[in-house]
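Asker: First the structure, then my questions, so here it is.
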Amino acid sequence: MLLSPFASTSPQSGMCHDVSGAAILGSGVAIPPERIDNEELVASYNAHVAAENALRAARRQPPLEYSSVAFIAEASGIHARHVLNRSGVLDPARMVPLLPERSNGCLSIQAEFAVLSARQALADAGLDAGDIDLVICACAHHQRPYPAIAIEVQKALGCGGAAFDMNVACSSATFATHVAAQMVQTAAARNVLVCSPEIMSGHLNYRDRKTHFIFGDASAALVIGRRAGETNAAGVVFDIVASDVWTDFSSNIRSNFGFLNRTAPVCGPTDDKLVTQVGQKVFRDIVNVASQRIAGFVDGHGLRVQDLARLWLHQANLKLIQALVRRLGGPELLDRAPIVLDEIGNVASPGSIIAFHRTRTDVPRGGFGLISAFGAGYSIGSLLIKRAQ
């Protein structure tokens, strides 16, 4: 039986499309060099709690609970994360990354981050920026509403055509690839660049014990186009056999930050303007619906989950990934689901793409794999792919 958040939309509904003719021609990943391990993060958080508890004691309020390395590892499987700026995050008096604003005439920090992974993806595909006629910047959080970050990336790289931003939270990269594959298949675009530069450290509440350890920063990019012989520079090309997207509204993962906040007659607590989630409900809901959605998607194309050489899943939480894989095919499939979150954290939309990029050569020619991401919305986006080169 489906849980209550899915009463209005069954996991069998949604949009599933065959997209033969489109392929992943190249991929690229950018990880910031600055790293924060659990010990450092806990020390900063607990210093904040100690100072706050002294004030709460004077006000006769109950104390805040301290965090621990063991708690973080058990709750998430994360041991470290990379961020664009660690000094601001680790300062107990600040606990926000220190990223100065740039003038309008300078490349924005998010566009700059996107360009790093995009250039890798273009080189990997053996293409120039001029070969791209559509850029999609797909993220859980964009630096600004407009001009679109994608248009800025388009200009910085020298791509032609058009560009736009997309936001489907942690499913953004897979949803954007779904759109890109459709565009290529219908000849609406020759080659599409999908980039997902996530600066999650700027939107995380480092004073919240339940979430302060979850996210890291990362950027990933894919080039989607038609395969034309052995042209890929890295020697790795995957045909996109089919794509599948699904959404249903839930507030269990949420950020209320937006331009209408300033219009509220009374400014209330700001914590809900950052990332909030009801972790246990999200875990239960996603494992339930994603297992049904993915199994039905794969089965609908004449395959079993056991036929897939790799399951590149959203790097949300180690226990969630393991529970989902067991539900899909049993513990024997755990080795087919690469894990990268232990060292980079949950990086939102690029997570499954980074797992793909790092282990794609494990799939033999003719072998199948699945890229799947899930998150706020709720949303699930999946790509069934087959290695062609």
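The values are calculated or read from the model by the stated rules, or taken from the named source; none is laboratory data. None of the values given here were measured: they were computed from a predicted structure. Cβ sites come from the backbone with ideal geometry, for glycine too, and all protein chains shown count toward neighbours.
Asker: Scan the strands (runs of 3 or more DSSP E) fully inside the range 1-87 and keep the ones with 3 or more residues being modelled with pLDDT under 95. Steps first, please.
Answerer: Details: elements: 15-18, 23-30, 35-37, 80-82.
In the range 1-87, the matching strands (runs of 3 or more DSSP E) lie at 15-18.
Asker: Let me ask something additional. Out of the residues in the range 125-158 meeting the condition of being buried (at least 24 other Cβ atoms within 10 Å of the Cβ) and not aliphatic (A, V, I, L, M), tell me which one is nearest to residue 354 (Cα to Cα). Break it down into steps so the answer makes sense when it comes.
Answerer: So in the range 125-158, the residues buried (at least 24 other Cβ atoms within 10 Å of the Cβ) come out as 125, 132, 134-140, 149-150, 153-154.
Imposing the further condition that a residue be not aliphatic (A, V, I, L, M) reduces the set to 137, 139, 154.
Working: 137: 16, 139: 14, 154: 22 Å.
Result: 139.
Asker: Here's something else I'd like to know. What number of residues within the range 258-284 are surrounded by 13 or more Cβ atoms within 10 Å (Cβ to Cβ) and in a loop (DSSP other than H, G, I, E, B)?
Answerer: Going through the range 258-284 one residue at a time, the tally reaches 3.
Asker: Is the range 90-99 home to any residue that is of a type in the set (Asp, Glu), farther than 30 Å from residue 155 by Cα and outside any loop (DSSP other than H, G, I, E, B)? Quick ask: steps written out before the conclusion?
Answerer: As a first pass, look at the range 90-99 and keep what is of a type in the set (Asp, Glu): 91.
Now drop any that are not farther than 30 Å from residue 155 by Cα, which leaves 91.
If we keep only those that are outside any loop (DSSP other than H, G, I, E, B) as well, we get none.
Looking through the range 90-99, none of the residues is of a type in the set (Asp, Glu), farther than 30 Å from residue 155 by Cα and outside any loop (DSSP other than H, G, I, E, B).
Asker: Which of the residues belonging to the range 233-278 are small (Gly, Ala, Ser), more than 22 Å from residue 317 (Cβ to Cβ), in contact with an Asp or Glu (Cβ under 8 Å, 6 or more places away or on another chain) and modelled with pLDDT of 80 or more?
Answerer: The one that is small (Gly, Ala, Ser), more than 22 Å from residue 317 (Cβ to Cβ), in contact with an Asp or Glu (Cβ under 8 Å, 6 or more places away or on another chain) and modelled with pLDDT of 80 or more: 242.
Asker: If you don't mind, there's one more thing I want to ask. Which numbered condition in (1) under 23 Å from residue 188 (Cβ atoms); (2) in contact with a strand residue (DSSP E or B) (Cβ under 8 Å, 6 or more places away or on another chain) is the only one that residue 113 fails?
Answerer: The number of the failed condition is (1).
Asker: Look at the range 154-184 and say how many of its residues are closer than 17 Å to residue 225 by Cβ, part of a helix (DSSP H, G or I) and in contact with a helix residue (DSSP H, G or I) (Cβ under 6 Å, 6 or more places away or on another chain).
Answerer: 2
Asker: Is it the case that some residue within the range 185-205 is of a type in the set (A, V, I, L, M), crowded, with 19+ Cβ neighbours inside 10 Å and part of a helix (DSSP H, G or I)? If you could, list the steps in order and put the result at the bottom.
Answerer: Narrowing the range 185-205 to residues of a type in the set (A, V, I, L, M): 187-189, 192-194, 199-200, 204.
After this cut, where a residue has to be crowded, with 19+ Cβ neighbours inside 10 Å as well, the list is 189, 192-194, 199-200, 204.
From what is left, the residues that are part of a helix (DSSP H, G or I) are 200.
Checked against the condition, which is being of a type in the set (A, V, I, L, M), crowded, with 19+ Cβ neighbours inside 10 Å and part of a helix (DSSP H, G or I), the range 185-205 yields at least one hit.
Asker: Just to check your reading of the model, which residue among 112, 101 is over 28 Å from residue 278 (Cα atoms) and either aromatic (Phe, Trp, Tyr) or surrounded by 15 or more Cβ atoms within 10 Å (Cβ to Cβ) (or both)? Lay out the reasoning, then the answer.
Answerer: On the way: 101 fails: either aromatic (Phe, Trp, Tyr) or surrounded by 15 or more Cβ atoms within 10 Å (Cβ to Cβ) (or both).
Every option except 112 fails the conditions.
Asker: Looking for something at pLDDT 95 or above, within 12 Å of the chain's Cα centre (by Cα), closer than 30 Å to residue 68 by Cβ and part of a loop (DSSP other than H, G, I, E, B) - is there at least one such residue anywhere in the range 209-221?
Answerer: Yes; the residues of the range 209-221 include at least one that is at pLDDT 95 or above, within 12 Å of the chain's Cα centre (by Cα), closer than 30 Å to residue 68 by Cβ and part of a loop (DSSP other than H, G, I, E, B).
Asker: Determine whether the range 288-300 contains at least one residue that is in a loop (DSSP other than H, G, I, E, B), in contact (Cβ under 8 Å) with a residue 40 or more places away in the chain and surrounded by fewer than 15 Cβ atoms within 10 Å (Cβ to Cβ).
Answerer: Of the range 288-300, the ones in a loop (DSSP other than H, G, I, E, B) are 300.
Next, from what is left, pick out any that are in contact (Cβ under 8 Å) with a residue 40 or more places away in the chain: 300.
Then keep just the ones that are surrounded by fewer than 15 Cβ atoms within 10 Å (Cβ to Cβ); that gives 300.
Scanning the range 288-300, I find at least one residue that is in a loop (DSSP other than H, G, I, E, B), in contact (Cβ under 8 Å) with a residue 40 or more places away in the chain and surrounded by fewer than 15 Cβ atoms within 10 Å (Cβ to Cβ), so the answer is yes.
Asker: If residue 116 passes every condition in (1) assigned to a helix (DSSP H, G or I); (2) under 17 Å from residue 177 (Cα atoms); (3) not small (Gly, Ala, Ser) but one, which one does it miss?
Answerer: Unmet condition: (2).
Asker: Go through the range 360-372 and give me each residue that's more than 15 Å from residue 222 (Cα to Cα) and out of contact with any Leu (no Cβ under 7 Å at 6 or more places or on another chain).
Answerer: 361, 362, 363, 364, 365, 366, 367 - these are the residues of the range 360-372 that are more than 15 Å from residue 222 (Cα to Cα) and out of contact with any Leu (no Cβ under 7 Å at 6 or more places or on another chain).
Asker: Another one. Report whether or not residue 332 is under 18 Å from residue 76 (Cα atoms), part of a helix (DSSP H, G or I) and of a type outside the set (A, V, I, L, M).
Answerer: On the way: under 18 Å from residue 76 (Cα atoms): no; part of a helix (DSSP H, G or I): yes; of a type outside the set (A, V, I, L, M): yes.
No: the conditions fail for residue 332.
Asker: So, residue 173, is that one small (Gly, Ala, Ser) and crowded, with 24+ Cβ neighbours inside 10 Å or not? Spell out how you get there, then give the answer.
Answerer: Values: small (Gly, Ala, Ser): yes; crowded, with 24+ Cβ neighbours inside 10 Å: yes.
Taking the combined requirement at face value, the residue satisfies it.
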